[in-house]
Amino acid sequence: MENDTRTTDVEKRKRVFSGIQPTGTLTLGNYIGALRNFPILQQEYDCVYSVVDMHAITVRQDPAALRKACLKMMSLYLAVGLDPEKTLIYFQSHVSGHAELGWILDCFTYMGELNRMTQFKDKSAKHADNINAGLFTYPVLMAADILLYQTDLVPIGADQKQHLELARDIAQRFNAVYGDVFVVPDGFFQKVGARVMSLQEPTKKMSKSDPEETYIAMLDDKDTIRRKIKRAVTDSEADVRFDPENKPGISNLMSILSVLSGMSLEEITSVYGTSGYGRFKDAVAESVIEALTPIQERYNQIITDKAYLQKVMTEGAEKASYISRKTLGKVRRKVGLAALQL
Ligand code: ATP
Ligand code: LTN
(Lines give C-alpha, C1' and ligand atoms only; values in the text may rest on other atoms or scores of the structure.)
(Ligands and ions follow the chains in the order given, each with its own letter.)
Protein backbone atom coordinates (compact mmCIF):
# COMPACT_ATOMS: atom_id res chain seq x y z
CA MET A 1 0.00 0.00 0.00
CA GLU A 2 1.68 3.20 -1.17
CA ASN A 3 0.38 5.45 1.57
CA ASP A 4 1.01 3.05 4.43
CA THR A 5 3.27 4.61 7.05
CA ARG A 6 3.21 1.70 9.50
CA THR A 7 6.29 -0.11 10.70
CA THR A 8 6.87 -3.57 9.26
CA ASP A 9 5.95 -5.71 12.27
CA VAL A 10 2.41 -4.39 12.33
CA GLU A 11 2.09 -3.90 8.59
CA LYS A 12 -1.02 -5.99 8.12
CA ARG A 13 -3.01 -4.72 11.05
CA LYS A 14 -5.49 -1.92 10.62
CA ARG A 15 -4.84 1.25 12.55
CA VAL A 16 -7.09 2.64 15.25
CA PHE A 17 -6.74 6.21 16.52
CA SER A 18 -8.65 8.05 19.21
CA GLY A 19 -8.15 10.92 21.61
CA ILE A 20 -9.68 12.22 24.80
CA GLN A 21 -9.33 15.74 26.15
CA PRO A 22 -7.63 16.06 29.52
CA THR A 23 -10.32 18.32 30.93
CA GLY A 24 -12.12 17.72 34.20
CA THR A 25 -12.78 14.18 35.37
CA LEU A 26 -13.72 11.56 32.85
CA THR A 27 -17.33 10.43 33.07
CA LEU A 28 -19.13 7.15 32.69
CA GLY A 29 -20.15 8.54 29.26
CA ASN A 30 -16.51 8.84 28.19
CA TYR A 31 -15.90 5.34 29.51
CA ILE A 32 -18.84 3.61 27.88
CA GLY A 33 -18.83 5.62 24.64
CA ALA A 34 -15.09 5.50 23.99
CA LEU A 35 -12.49 4.46 26.57
CA ARG A 36 -13.95 1.05 27.31
CA ASN A 37 -13.37 0.03 23.70
CA PHE A 38 -9.75 1.10 23.61
CA PRO A 39 -8.18 -1.97 25.29
CA ILE A 40 -10.58 -4.32 23.50
CA LEU A 41 -9.35 -2.99 20.15
CA GLN A 42 -5.66 -3.27 21.06
CA GLN A 43 -5.81 -7.07 20.67
CA GLU A 44 -6.66 -6.89 17.00
CA TYR A 45 -5.52 -3.49 15.77
CA ASP A 46 -2.49 -1.28 15.72
CA CYS A 47 -3.77 1.32 18.19
CA VAL A 48 -2.71 4.91 18.79
CA TYR A 49 -4.35 6.79 21.67
CA SER A 50 -3.64 10.42 22.34
CA VAL A 51 -4.16 12.75 25.28
CA VAL A 52 -5.39 15.65 23.16
CA ASP A 53 -4.08 18.50 25.28
CA MET A 54 -4.06 21.02 22.42
CA HIS A 55 -7.79 20.54 22.00
CA ALA A 56 -8.21 21.24 25.70
CA ILE A 57 -6.80 24.77 25.42
CA THR A 58 -9.65 25.88 23.15
CA VAL A 59 -11.25 26.56 26.53
CA ARG A 60 -9.21 28.54 29.10
CA GLN A 61 -7.34 26.15 31.42
CA ASP A 62 -5.37 26.64 34.60
CA PRO A 63 -1.80 25.63 33.54
CA ALA A 64 -0.94 23.56 36.63
CA ALA A 65 -4.34 21.85 36.57
CA LEU A 66 -3.96 21.04 32.87
CA ARG A 67 -0.53 19.46 33.38
CA LYS A 68 -1.97 17.33 36.17
CA ALA A 69 -5.03 16.39 34.13
CA CYS A 70 -2.79 15.16 31.29
CA LEU A 71 -0.98 12.75 33.60
CA LYS A 72 -4.31 11.64 35.08
CA MET A 73 -5.63 11.00 31.59
CA MET A 74 -2.61 8.90 30.68
CA SER A 75 -2.92 6.99 33.97
CA LEU A 76 -6.53 6.21 33.14
CA TYR A 77 -5.52 4.94 29.71
CA LEU A 78 -3.13 2.57 31.45
CA ALA A 79 -5.63 1.70 34.19
CA VAL A 80 -8.31 0.53 31.74
CA GLY A 81 -5.77 -1.94 30.41
CA LEU A 82 -3.87 -0.25 27.60
CA ASP A 83 -0.45 -1.84 27.32
CA PRO A 84 2.27 0.55 26.10
CA GLU A 85 4.14 -2.45 24.66
CA LYS A 86 1.27 -3.03 22.25
CA THR A 87 -0.32 0.38 21.96
CA LEU A 88 1.01 3.85 21.38
CA ILE A 89 0.03 6.35 24.08
CA TYR A 90 1.26 9.94 23.90
CA PHE A 91 0.42 13.61 24.39
CA GLN A 92 -0.79 15.42 21.28
CA SER A 93 1.33 18.53 22.02
CA HIS A 94 4.53 16.43 22.00
CA VAL A 95 4.12 15.77 18.28
CA SER A 96 4.36 19.03 16.36
CA GLY A 97 2.95 17.37 13.22
CA HIS A 98 -0.59 17.74 14.59
CA ALA A 99 -0.40 21.52 14.51
CA GLU A 100 1.39 21.54 11.15
CA LEU A 101 -1.05 19.24 9.43
CA GLY A 102 -3.89 21.09 11.15
CA TRP A 103 -2.81 24.30 9.42
CA ILE A 104 -2.51 22.67 6.01
CA LEU A 105 -5.94 21.07 6.40
CA ASP A 106 -7.40 24.42 7.49
CA CYS A 107 -6.67 25.44 3.92
CA PHE A 108 -8.82 22.55 2.68
CA THR A 109 -11.80 23.22 4.94
CA TYR A 110 -14.63 25.65 4.27
CA MET A 111 -16.00 28.14 6.77
CA GLY A 112 -19.49 26.89 5.94
CA GLU A 113 -18.56 23.36 7.02
CA LEU A 114 -17.20 24.56 10.36
CA ASN A 115 -20.22 26.79 10.87
CA ARG A 116 -22.44 23.72 10.83
CA MET A 117 -20.61 21.91 13.65
CA THR A 118 -22.99 21.45 16.56
CA GLN A 119 -20.20 21.12 19.15
CA PHE A 120 -18.95 24.57 18.12
CA LYS A 121 -22.43 26.01 18.60
CA ASP A 122 -22.79 24.32 22.01
CA LYS A 123 -19.33 25.34 23.22
CA SER A 124 -19.76 28.92 21.97
CA ALA A 125 -22.96 29.17 23.96
CA LYS A 126 -21.20 27.78 27.07
CA HIS A 127 -18.15 30.04 26.66
CA ALA A 128 -19.68 33.18 25.20
CA ASP A 129 -16.82 35.30 26.58
CA ASN A 130 -14.15 33.33 24.68
CA ILE A 131 -15.31 32.23 21.24
CA ASN A 132 -11.79 31.90 19.86
CA ALA A 133 -10.64 30.78 16.42
CA GLY A 134 -9.25 27.56 17.93
CA LEU A 135 -12.72 26.57 19.08
CA PHE A 136 -13.93 27.14 15.53
CA THR A 137 -11.16 25.13 13.83
CA TYR A 138 -11.14 22.43 16.55
CA PRO A 139 -12.60 19.82 14.15
CA VAL A 140 -9.76 20.42 11.66
CA LEU A 141 -7.17 19.68 14.34
CA MET A 142 -9.14 16.53 15.11
CA ALA A 143 -9.06 15.61 11.40
CA ALA A 144 -5.28 16.18 11.44
CA ASP A 145 -4.94 13.89 14.50
CA ILE A 146 -6.70 11.11 12.68
CA LEU A 147 -5.25 11.54 9.19
CA LEU A 148 -1.66 11.97 10.40
CA TYR A 149 -1.62 8.31 11.47
CA GLN A 150 -3.32 6.90 8.35
CA THR A 151 -6.17 5.72 10.56
CA ASP A 152 -8.71 3.10 9.50
CA LEU A 153 -10.99 3.15 12.55
CA VAL A 154 -11.87 5.79 15.14
CA PRO A 155 -13.64 4.63 18.34
CA ILE A 156 -15.75 7.59 19.52
CA GLY A 157 -19.09 8.43 21.09
CA ALA A 158 -22.05 9.42 18.91
CA ASP A 159 -21.47 13.13 19.66
CA GLN A 160 -18.28 13.01 17.56
CA LYS A 161 -19.93 11.58 14.44
CA GLN A 162 -20.20 14.97 12.75
CA HIS A 163 -16.51 15.67 13.34
CA LEU A 164 -15.54 12.31 11.91
CA GLU A 165 -17.65 12.97 8.80
CA LEU A 166 -15.76 16.20 8.33
CA ALA A 167 -12.42 14.39 8.67
CA ARG A 168 -13.56 11.98 5.95
CA ASP A 169 -14.66 14.84 3.69
CA ILE A 170 -11.33 16.64 4.13
CA ALA A 171 -9.38 13.43 3.40
CA GLN A 172 -11.41 12.74 0.27
CA ARG A 173 -11.09 16.32 -0.91
CA PHE A 174 -7.32 16.24 -0.45
CA ASN A 175 -7.00 12.83 -2.11
CA ALA A 176 -9.09 14.02 -5.07
CA VAL A 177 -6.50 16.73 -5.75
CA TYR A 178 -3.24 14.94 -4.90
CA GLY A 179 -3.91 11.20 -5.22
CA ASP A 180 -4.22 8.69 -2.40
CA VAL A 181 -2.42 10.51 0.39
CA PHE A 182 -4.76 9.76 3.31
CA VAL A 183 -6.61 6.66 4.41
CA VAL A 184 -10.30 7.66 4.73
CA PRO A 185 -11.26 6.66 8.30
CA ASP A 186 -14.43 4.98 9.55
CA GLY A 187 -16.05 5.57 12.92
CA PHE A 188 -16.37 2.78 15.48
CA PHE A 189 -19.48 3.25 17.61
CA GLN A 190 -21.08 1.23 20.38
CA LYS A 191 -24.44 -0.24 19.38
CA VAL A 192 -25.80 0.50 22.83
CA GLY A 193 -24.28 3.29 24.93
CA ALA A 194 -22.83 5.47 22.15
CA ARG A 195 -24.56 8.38 23.86
CA VAL A 196 -24.84 8.10 27.63
CA MET A 197 -27.27 10.73 28.86
CA SER A 198 -27.21 13.10 31.83
CA LEU A 199 -28.62 11.59 35.03
CA GLN A 200 -30.59 14.75 35.76
CA GLU A 201 -31.64 15.74 32.23
CA PRO A 202 -31.73 12.46 30.32
CA THR A 203 -32.43 14.14 26.99
CA LYS A 204 -28.94 15.75 27.09
CA LYS A 205 -25.62 13.89 26.80
CA MET A 206 -23.72 13.22 30.01
CA SER A 207 -20.94 15.82 30.05
CA LYS A 208 -18.06 16.45 32.42
CA SER A 209 -18.53 20.19 32.03
CA ASP A 210 -22.03 20.00 33.59
CA PRO A 211 -22.81 19.99 37.36
CA GLU A 212 -21.61 17.02 39.50
CA GLU A 213 -24.95 15.36 40.06
CA THR A 214 -25.57 14.96 36.32
CA TYR A 215 -22.69 12.56 35.75
CA ILE A 216 -20.80 9.69 37.29
CA ALA A 217 -17.07 10.30 37.28
CA MET A 218 -14.82 7.33 36.58
CA LEU A 219 -13.14 7.99 39.92
CA ASP A 220 -16.32 8.42 42.01
CA ASP A 221 -16.41 6.23 45.12
CA LYS A 222 -19.05 3.54 45.68
CA ASP A 223 -21.35 5.60 47.87
CA THR A 224 -21.30 8.52 45.46
CA ILE A 225 -22.17 6.21 42.57
CA ARG A 226 -25.07 4.69 44.54
CA ARG A 227 -26.34 8.13 45.56
CA LYS A 228 -26.18 9.60 42.06
CA ILE A 229 -27.98 6.68 40.49
CA LYS A 230 -30.62 6.63 43.22
CA ARG A 231 -31.30 10.31 42.46
CA ALA A 232 -31.25 9.89 38.68
CA VAL A 233 -34.36 11.35 37.05
CA THR A 234 -36.81 8.71 35.78
CA ASP A 235 -40.58 9.01 35.27
CA SER A 236 -43.81 8.47 37.14
CA GLU A 237 -44.50 5.00 35.71
CA ALA A 238 -43.17 1.81 37.25
CA ASP A 239 -42.10 -0.41 34.36
CA VAL A 240 -38.56 -0.90 33.17
CA ARG A 241 -38.83 -0.80 29.39
CA PHE A 242 -36.61 0.63 26.64
CA ASP A 243 -38.34 3.66 25.16
CA PRO A 244 -35.85 6.55 24.80
CA GLU A 245 -38.50 8.98 23.62
CA ASN A 246 -41.05 8.52 26.40
CA LYS A 247 -38.80 7.09 29.11
CA PRO A 248 -35.38 8.69 28.53
CA GLY A 249 -34.17 8.27 32.13
CA ILE A 250 -35.00 4.58 32.43
CA SER A 251 -33.75 3.87 28.90
CA ASN A 252 -30.43 5.53 29.71
CA LEU A 253 -29.99 3.44 32.85
CA MET A 254 -30.93 0.31 30.88
CA SER A 255 -28.25 1.07 28.29
CA ILE A 256 -25.66 1.52 31.02
CA LEU A 257 -26.61 -1.77 32.66
CA SER A 258 -26.68 -3.55 29.32
CA VAL A 259 -23.19 -2.46 28.27
CA LEU A 260 -21.63 -3.13 31.65
CA SER A 261 -23.34 -6.43 32.50
CA GLY A 262 -23.61 -7.91 29.02
CA MET A 263 -27.39 -8.41 29.48
CA SER A 264 -29.51 -7.49 26.47
CA LEU A 265 -32.20 -4.82 26.81
CA GLU A 266 -34.85 -7.57 26.54
CA GLU A 267 -33.25 -9.57 29.34
CA ILE A 268 -33.18 -6.48 31.54
CA THR A 269 -36.89 -5.93 30.95
CA SER A 270 -37.69 -9.52 31.73
CA VAL A 271 -35.67 -9.49 34.97
CA TYR A 272 -36.52 -5.98 36.25
CA GLY A 273 -39.60 -5.05 34.21
CA THR A 274 -42.09 -5.01 37.05
CA SER A 275 -39.95 -5.15 40.16
CA GLY A 276 -39.92 -1.39 40.75
CA TYR A 277 -37.33 1.26 39.99
CA GLY A 278 -35.53 0.82 43.34
CA ARG A 279 -34.33 -2.71 42.66
CA PHE A 280 -33.46 -1.84 39.07
CA LYS A 281 -31.42 1.20 40.12
CA ASP A 282 -29.55 -0.91 42.69
CA ALA A 283 -28.56 -3.30 39.90
CA VAL A 284 -27.39 -0.42 37.70
CA ALA A 285 -25.30 1.04 40.55
CA GLU A 286 -23.69 -2.32 41.32
CA SER A 287 -22.80 -2.89 37.66
CA VAL A 288 -21.12 0.53 37.52
CA ILE A 289 -19.23 -0.15 40.76
CA GLU A 290 -18.11 -3.54 39.51
CA ALA A 291 -16.80 -2.03 36.27
CA LEU A 292 -15.06 0.98 37.81
CA THR A 293 -13.56 -0.42 41.04
CA PRO A 294 -10.72 -2.44 39.43
CA ILE A 295 -9.89 0.51 37.17
CA GLN A 296 -9.76 2.84 40.18
CA GLU A 297 -7.46 0.46 42.04
CA ARG A 298 -5.02 0.28 39.14
CA TYR A 299 -5.29 4.03 38.61
CA ASN A 300 -4.34 4.76 42.23
CA GLN A 301 -1.13 2.77 41.81
CA ILE A 302 -0.17 4.14 38.39
CA ILE A 303 -0.69 7.82 39.19
CA THR A 304 1.95 7.66 41.93
CA ASP A 305 4.58 6.08 39.65
CA LYS A 306 5.92 9.25 38.07
CA ALA A 307 9.01 7.56 36.56
CA TYR A 308 6.84 5.04 34.71
CA LEU A 309 4.47 7.73 33.44
CA GLN A 310 7.44 9.76 32.22
CA LYS A 311 8.82 6.74 30.37
CA VAL A 312 5.51 5.95 28.65
CA MET A 313 5.11 9.63 27.73
CA THR A 314 8.61 9.96 26.24
CA GLU A 315 8.59 6.70 24.31
CA GLY A 316 5.10 7.41 23.02
CA ALA A 317 6.11 10.84 21.76
CA GLU A 318 9.11 9.40 19.91
CA LYS A 319 7.13 6.66 18.19
CA ALA A 320 4.23 8.94 17.32
CA SER A 321 6.60 11.58 15.89
CA TYR A 322 8.22 8.95 13.71
CA ILE A 323 4.90 7.84 12.20
CA SER A 324 3.62 11.38 11.79
CA ARG A 325 6.76 12.59 9.99
CA LYS A 326 6.13 10.14 7.16
CA THR A 327 2.62 11.40 6.48
CA LEU A 328 3.61 15.00 6.92
CA GLY A 329 6.58 14.67 4.55
CA LYS A 330 4.30 13.36 1.88
CA VAL A 331 1.68 16.05 2.44
CA ARG A 332 4.31 18.79 2.29
CA ARG A 333 5.65 17.46 -1.01
CA LYS A 334 2.19 17.12 -2.49
CA VAL A 335 1.10 20.66 -1.71
CA GLY A 336 4.42 22.08 -2.98
CA LEU A 337 6.24 23.13 0.18
CA ALA A 338 9.95 23.03 -0.59
CA ALA A 339 12.02 20.45 1.25
CA LEU A 340 14.80 21.83 3.42
CA GLN A 341 18.12 20.17 2.48
CA LEU A 342 20.35 20.15 5.55
P1 ATP B 1 -17.34 17.74 27.26
O2 ATP B 1 -18.23 16.85 28.06
O3 ATP B 1 -16.59 18.73 28.07
O4 ATP B 1 -18.01 18.30 26.06
P5 ATP B 1 -16.32 15.40 26.12
O6 ATP B 1 -16.36 14.46 27.27
O7 ATP B 1 -17.37 15.30 25.09
O8 ATP B 1 -16.17 16.86 26.69
P9 ATP B 1 -13.81 14.21 25.38
O10 ATP B 1 -13.29 14.07 26.73
O11 ATP B 1 -12.73 14.55 24.40
O12 ATP B 1 -14.93 15.32 25.32
O13 ATP B 1 -14.55 12.91 24.91
C14 ATP B 1 -13.87 11.71 24.81
C15 ATP B 1 -14.70 10.64 24.18
O16 ATP B 1 -15.83 10.36 24.99
C17 ATP B 1 -15.24 11.01 22.79
O18 ATP B 1 -15.07 9.89 21.94
C19 ATP B 1 -16.69 11.27 23.03
O20 ATP B 1 -17.48 10.97 21.90
C21 ATP B 1 -17.00 10.33 24.17
N22 ATP B 1 -18.12 10.79 24.97
C23 ATP B 1 -18.20 11.97 25.65
N24 ATP B 1 -19.38 12.06 26.28
C25 ATP B 1 -20.07 10.92 25.99
C26 ATP B 1 -21.36 10.43 26.35
N27 ATP B 1 -22.17 11.13 27.14
N28 ATP B 1 -21.75 9.23 25.88
C29 ATP B 1 -20.93 8.50 25.08
N30 ATP B 1 -19.71 8.91 24.70
C31 ATP B 1 -19.27 10.10 25.15
N1 LTN C 1 -13.03 16.00 19.52
C2 LTN C 1 -13.06 14.91 20.46
C3 LTN C 1 -11.70 14.60 21.04
C4 LTN C 1 -10.72 14.29 19.95
C5 LTN C 1 -10.65 13.10 19.19
C6 LTN C 1 -9.56 13.29 18.28
C7 LTN C 1 -11.39 11.91 19.16
C8 LTN C 1 -9.74 15.12 19.51
N9 LTN C 1 -9.04 14.51 18.52
C10 LTN C 1 -9.22 12.31 17.34
C11 LTN C 1 -11.03 10.94 18.22
C12 LTN C 1 -9.97 11.14 17.33
C13 LTN C 1 -14.06 15.29 21.56
O14 LTN C 1 -14.37 16.42 21.73
N15 LTN C 1 -14.55 14.37 22.28
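Consider Y49 against the criteria (1) touching a residue at least 24 places away in the same chain (Cβ under 8 Å); (2) out of contact with any strand residue (DSSP E or B) (no Cβ under 6 Å at 6 or more places or on another chain): it satisfies all of them except one. Which criterion is unmet?
Just one mismatch for Y49, condition (2).
So which residues in the stretch 54-73 are more than 20 Å from K86 (Cα to Cα) and within 11 Å of ligand 1 (Cβ to nearest atom), if there are any at all?
H55, A56, T58, V59, A69
Only residues in the stretch 139-153 that are closer than 17 Å to Q42 by Cβ count as the first member; pair them with residues that are part of a helix (DSSP H, G or I) and within 15 Å of ligand 1 (Cβ to nearest atom), Cβ under 9 angstrom, at least 6 apart or cross-chain, and list the lot.
Listed pairs, sorted by first residue: T151/D145; T151/A167; L153/L41.
Quick grid of which residues meet (1) within 13 Å of ligand 2 (Cβ to nearest atom); (2) in a strand (DSSP E or B); (3) farther than 30 Å from E297 by Cβ; (4) not polar (S, T, N, Q):
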residue	(1), (2), (3), (4)
Q119	yes, no, yes, no
F136	no, no, yes, yes
L147	yes, no, yes, yes
A176	no, no, yes, yes
T203	no, no, yes, no
K208	yes, no, no, yes
I225	no, no, no, yes
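Scan the stretch 243-260 for residues that are in contact with an Asp or Glu (Cβ under 9 Å, 6 or more places away or on another chain) and surrounded by fewer than 17 Cβ atoms within 10 Å (Cβ to Cβ) and jot them down.
To start, the set of residues in the stretch 243-260 that are in contact with an Asp or Glu (Cβ under 9 Å, 6 or more places away or on another chain) comprises 246-251, 258, 260.
Scanning the stretch 243-260 gives a single hit, N246.
If you check V192, V177, V140, V183, which single one turns out to be more than 14 Å from ligand 1 (Cβ to nearest atom) and either small (G, A, S) or surrounded by fewer than 20 Cβ atoms within 10 Å (Cβ to Cβ) (or both)?
Exactly one residue qualifies, and that residue is V177.
Of the conditions (1) in a loop (DSSP other than H, G, I, E, B); (2) at pLDDT 95 or above; (3) more than 19 Å from the chain's Cα centre (by Cα), I229 clears all except one; give me its number.
So I229 meets the others, but not (1).
Okay, residues lined up against (1) surrounded by fewer than 18 Cβ atoms within 10 Å (Cβ to Cβ); (2) without any contact (Cβ under 8 Å) to a residue 60 or more places away in the chain; (3) within 11 Å of ligand 2 (Cβ to nearest atom):
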site	(1), (2), (3)
D62	yes, yes, no
R67	yes, yes, no
L76	no, no, no
V80	no, no, no
E85	yes, yes, no
L88	no, no, no
G102	no, yes, yes
R116	yes, yes, no
A125	yes, yes, no
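Has the stretch 282-290 got any residue that is surrounded by fewer than 17 Cβ atoms within 10 Å (Cβ to Cβ), more than 23 Å from the chain's Cα centre (by Cα) and not β-branched (V, I, T)? Even if it seems obvious, please write down each step before you answer.
Within the stretch 282-290, the first condition is being surrounded by fewer than 17 Cβ atoms within 10 Å (Cβ to Cβ), and the residues that meet it are 282, 290.
Cutting the leftovers down to more than 23 Å from the chain's Cα centre (by Cα) gives us 282.
Still in the list and also not β-branched (V, I, T): 282.
Yes; the residues of the stretch 282-290 include at least one that is surrounded by fewer than 17 Cβ atoms within 10 Å (Cβ to Cβ), more than 23 Å from the chain's Cα centre (by Cα) and not β-branched (V, I, T).
Restricting attention to the stretch 149-172, and to residues there that are within 20 Å of L88 (Cβ to Cβ) and not in a helix (DSSP H, G or I), which single residue is farthest from ligand 1 (Cβ to nearest atom)?
Q150
The values are calculated or read from the model by the stated rules, or taken from the named source; none is laboratory data. Here the structure is a predicted model, which is why all the values come from computation and not from measurement. Positions of Cβ are generated from backbone atoms using ideal geometry, with glycine treated the same way; all protein chains shown enter the neighbour counts.
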